[in-house]
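The values are calculated or read from the model by the stated rules, or taken from the named source; none is laboratory data. Note that this is a predicted model, so its numbers are computed, not measured. Using ideal geometry, Cβ is built from the backbone for each residue, glycine included, and neighbour counts are taken over all protein chains shown. Ligands, DNA and RNA are stripped out before the accessible areas are found, and what is left, the full protein with its side chains, is counted by its heavy atoms. Shrake-Rupley method; radii C 1.70, N 1.55, O 1.52, S 1.80 Å.
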Amino acid sequence: MMKREKKEAMNVARKIIAAHLVEGDPAKDAELGIRIDQTLTQDATGTMAYLQFESMGVPHVRNELAVSYVDHNTVQIGFENADDHDFLASIAKKYGVIYSKAGNGICHQLHLERFGKPGKTLLGSDSHTPTGGGLGMIAIGAGGIDIAVAMAGGAFHIPTPKVRGIRLVGRLPKGTSAKDVILKVLEKFGTKGNVGWIFEYFGPGVKTLDVPSRATITNMGAELGVTTSVFPSDAVTKQFLVAQGRAKDWVELVADKGAAYDDVFEIDLSKIEPLMAAPHSPGNIVPVRKMKGTKVNQIMIGSCTNSSYRDIRTVALALKGKHVADDVEVGIACGSRQVVNMLAADGSLAILVKAGCRILENACGFCIGAHMSPRTGAVSLRTNNRNFEGRSGTKSAQVYLVSPETAAASALTGRVEDPRKSPVAAVPAPKRFPIDDEMFLYRKTARKGVRGAEIVRGPNIAPVPKGEPLPDTLKAICAIKVGDKITTDHIMPAGARLKFRSNIPAYAKFVFEPCDATFHDRCLENRKKGFANVIVAGESYGQGSSREHAALCPMYLGVRAVLAKSIERIHRANLVNFGIVPFLFDDPAAYDAISAGDELTFPDVRAAVAGDGRATVKVGKRTFSVTSTLSAREKQIILAGGLLMNGFMV
Ligand code: MIC
Ligand code: SF4
C-alpha cells in the first residue's frame, strides 16, 4: 500500500509564502522570490516608482491590482506637489492603476478598507505596508523600483524568513488598546536585530482584537525592522470584510494544528498597561504611569497607525461634553473619508469640533512633519509610529508615541494622563461601513489602462538618473561618518523637502542635511577630484522608511559603497537596487579607525563582489576587510550599476 504523505503543518506566513513561491526553496536557500498579487504606491515614493515602470516599456500593469494613493504631499505650497498628482493620475489612467485622489485618505487605511484580501501578497512603496497583515496578507514595504518590477509581473525577493509566533492570551483591560500591545512588542524586541523575521500573531487572544486593532499592531511592526507581521484570517476578519461589502474577499487562513514557529513569545493581554515610546526612538518604551503629570504642548491623533473609526470614535467618546486644555493644541487627521463620514453620522465629529480639536485633512500630514510642527522644545504626544528626532519638523521637539486613549485623556488636562483613570466604553465593530469609492479613479480601466493616454509631466518631474558599472578598483573618500540608528529621515529629510521627491538633482541637495548640510557639495568636489564617495555608519543604518531616495540621491552624488556595522532590510535592498555596495565591517574596530575625509581604496572590488563578497579596504597604511553577502541576483545588479542598468531583470 502506498504510504500517505503527511502534510507539513504550516503557520500562516509559510502558507502564504508557499502559495506564492516562484524562486528558491525555503529549506535550502537564503533568498526567496515570491509572486506579488497587489501593489500600492503613495505619492512621495510613487512618482519615482512610475518613472521607473514607464522606462520598462510594459503596456500596462500585470499584477492583480495596482493602486496609486496620494496622501503624503497633499499640502500644495508651490506647484511641485500638484504637478506630481497630475503625473500620477495620468500614469494611472494609461497603465491600468487605480488612482486614489488626495483627500480620499491614507494609503494603508484605505487599502485595508477597500482592497486588502486574506491570503494575498501585497508590495507597497511604503514601509508601513505591513498594515495589510491585519487582514491576513503577507504585506511588505519596499523601494519604488521593486514595486515597478512587481507591477510588471516580476517577483519580489525576501530573505528566507524566520517566523516568530507571538501568542496572545487574555483580553486587553479597559483604557488600553492595540497600540500598547505593539509598544510592548517593541519593548521586548527593540528596533534592531529583527531583520529577516516575520512576526505572526496567534493564540486565543487574537479573536478579542478587531481588524483595525490588528492592523495597528502589524503597521508598527515596521519599527521592529521585520520583513512583515501577520494575523490569521478568522471570523473577525470575515465580519470586517462583510461590513465593508466584501464578503467574497474573505477566505479562512489560520495556522495548522501543531504548526511550528522558529521562536514563540507570549503576551498576556490582560496584563498590558498604557505605554509610550519616549524621544527619539519607537523602541524607547516607558509606562505612561511613570510620565504622568508631564506638561504636554501638543497632541496629534491620526496616521496610518491609529486613524480608524474605532480609534477616532474612542477619542470622541473621551472628549464628549468636555474641552481640551487651553494650553494644548490638538490635531486630528482621520484615515479615510469613510472614517470621517461615520464620525459625522454618529455625532463624533461635532463632539471633536466642540472640544476644540483642529480637524485636519485625511492624510499623513503631521506624521511626516508636513503639517502642525510643534513649537520649539515642545512635548508632543502623537499616535503615529515614528518619533525620530526632527521628524515632526521641529528638531528640539520631544515626541512621545501613545495610544489614542492616552492622547485623549492627556488632551483634557494638558498633562500626560493614564487613560485607565476614566476609560471609555469599547467601540463595537461596525456592522456596515458606508461605502463610497468615488475618489478612486480609473476603476473601470484597472489593469488594462487606456492606450495612448497622455502623461502629464510638469517641471517638477525629472528623469531618473542611471548608475554606472562597478569599477575594478574603487578609489573613494569617506564623505561622512555617522553613528548608530541613522534613519532614512536623516539621510533624506522629509517634511518641507519632500516636494522635491520627483526631481533627484533638486532633492539630492538635501542628502544628510540634518547631520551635515555640506555633504552634497563635498561629494561633488570629491567627484571632481576623481574620487567616488563612501558612507561610514554604525549599527542599524537606514532604519525607518522605504524611501529609495536615501539610496538613489547618494548614488547621484557618486556614493558607491556604505560601510556599516549593520544595515536595515529595506534600505539594504534599495542600496543594491541603485548599485551601492552594502558592506559590513568584519571587525567593528575598523569603524573607529576610519574618519570623515579619509581616502579609501578597494583593490579588485569588482572581483570581490562577484566572488564571496569579501573585499579589502586600504586606509592610509592600514588594511581592513569588509563583506557584502549578496545573492547571485544582487551581485549581478551591483556589478551592472543598479537595477535600471541591469534591464530590471523582470
Ligand atoms: C514614512 O512614514 O517615513 C513614510 C514617509 O511614509 C515613508 C515613505 C516615504 O519616505 O515616502 C515610509 O515609511 O516608507
Ligand atoms: Fe503616512 Fe505617517 Fe503612515 Fe508614513 S507613517 S504612511 S507618513 S501616516
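Some points to look at:
- The set of residues in the stretch 456-492 being aliphatic (A, V, I, L, M), under 27 Å from residue 639 (Cβ atoms), touching a helix residue (DSSP H, G or I) at 6+ places or on another chain (Cβ under 7 Å) and part of a loop (DSSP other than H, G, I, E, B) consists of 462, 464, 470, 492.
- Subset of the stretch 435-454 [in a loop (DSSP other than H, G, I, E, B) and surrounded by 15 or more Cβ atoms within 10 Å (Cβ to Cβ)]: 437, 439, 442, 445, 446, 447, 449, 450, 453
- If only residues of the stretch 211-238 that are of a type outside the set (Gly, Ala, Ser) and more than 22 Å from the chain's Cα centre (by Cα) are counted, the one that is farthest from residue 178 (Cα to Cα) is 238.
A quick yes/no check of all residues on (1) away from ligand 2 (no atom under 16 Å from the Cβ); (2) open to solvent by 10 Å² or more (accessible area, probe 1.4 Å); (3) under 19 Å from the mean Cα position of the chain (by Cα); (4) of a type in the set (D, E, K, R):
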{"site": "488", "(1), (2), (3), (4)": "no, no, yes, no"}
{"site": "493", "(1), (2), (3), (4)": "no, yes, yes, no"}
{"site": "499", "(1), (2), (3), (4)": "no, yes, yes, yes"}
{"site": "506", "(1), (2), (3), (4)": "yes, yes, no, no"}
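- Some residue of the stretch 540-552 being within 16 Å of ligand 2 (Cβ to nearest atom), modelled with pLDDT of 95 or more, closer than 27 Å to residue 632 by Cβ and of a type in the set (A, V, I, L, M, F, W, C): yes
- Unique residue being of a type in the set (D, E, K, R) and within 16 Å of ligand 1 (Cβ to nearest atom) when the list is 361, 329: 361
- Among residues of the stretch 564-591, those that are within 16 Å of ligand 2 (Cβ to nearest atom) and either under 18 Å from residue 605 (Cβ atoms) or of a type in the set (Phe, Trp, Tyr) (or both), counted: 0
- Selected residue [surrounded by 23 or more Cβ atoms within 10 Å (Cβ to Cβ) and touching a helix residue (DSSP H, G or I) at 6+ places or on another chain (Cβ under 9 Å)] from 515, 553: 553
- Elements of type helices (runs of 4 or more DSSP H) contained in the stretch 40-152, each with 1 or more residues being closer than 25 Å to residue 452 by Cα and either open to solvent by less than 10 Å² (accessible area, probe 1.4 Å) or within 16 Å of ligand 2 (Cβ to nearest atom) (or both): 43-54, 80-95, 144-151
- Options 373, 403, 380; residue that is at pLDDT 95 or above, out of contact with any helix residue (DSSP H, G or I) (no Cβ under 6 Å at 6 or more places or on another chain) and closer than 24 Å to residue 184 by Cβ: 380
- Extreme residue, farthest from residue 516 (Cα to Cα), among residues of the stretch 576-605 that are in contact (Cβ under 8 Å) with a residue 40 or more places away in the chain and open to solvent by 70 Å² or more (accessible area, probe 1.4 Å): 604
- Every condition in (1) open to solvent by less than 10 Å² (accessible area, probe 1.4 Å); (2) within 14 Å of ligand 2 (Cβ to nearest atom); (3) not hydroxyl-bearing (Ser, Thr, Tyr) holds for residue 393 except the one numbered (1).
- Flag for residue 305 being out of contact with any strand residue (DSSP E or B) (no Cβ under 6 Å at 6 or more places or on another chain) and within 16 Å of ligand 2 (Cβ to nearest atom): yes
- Each residue in the stretch 396-432 was checked for being under 16 Å from residue 288 (Cα atoms), of a type in the set (S, T, N, Q) and open to solvent by 30 Å² or more (accessible area, probe 1.4 Å), and 3 of them qualify.
- Per-region count, the stretch 352-384, residues assigned to a loop (DSSP other than H, G, I, E, B), among the hydrophobic types (A, V, I, L, M, F, W, C) and more than 10 Å from ligand 2 (Cβ to nearest atom): 4
- Qualifying residue in the stretch 338-355 (condition: touching a His at 6+ places or on another chain (Cβ under 9 Å) and open to solvent by less than 20 Å² (accessible area, probe 1.4 Å)): yes
- Residue within the stretch 568-585 that is over 29 Å from residue 509 (Cβ atoms) and among the acidic types (Asp, Glu) present: no
- Inclusion of residue 380 among residues that are surrounded by fewer than 24 Cβ atoms within 10 Å (Cβ to Cβ) and within 26 Å of the chain's Cα centre (by Cα) is not warranted.
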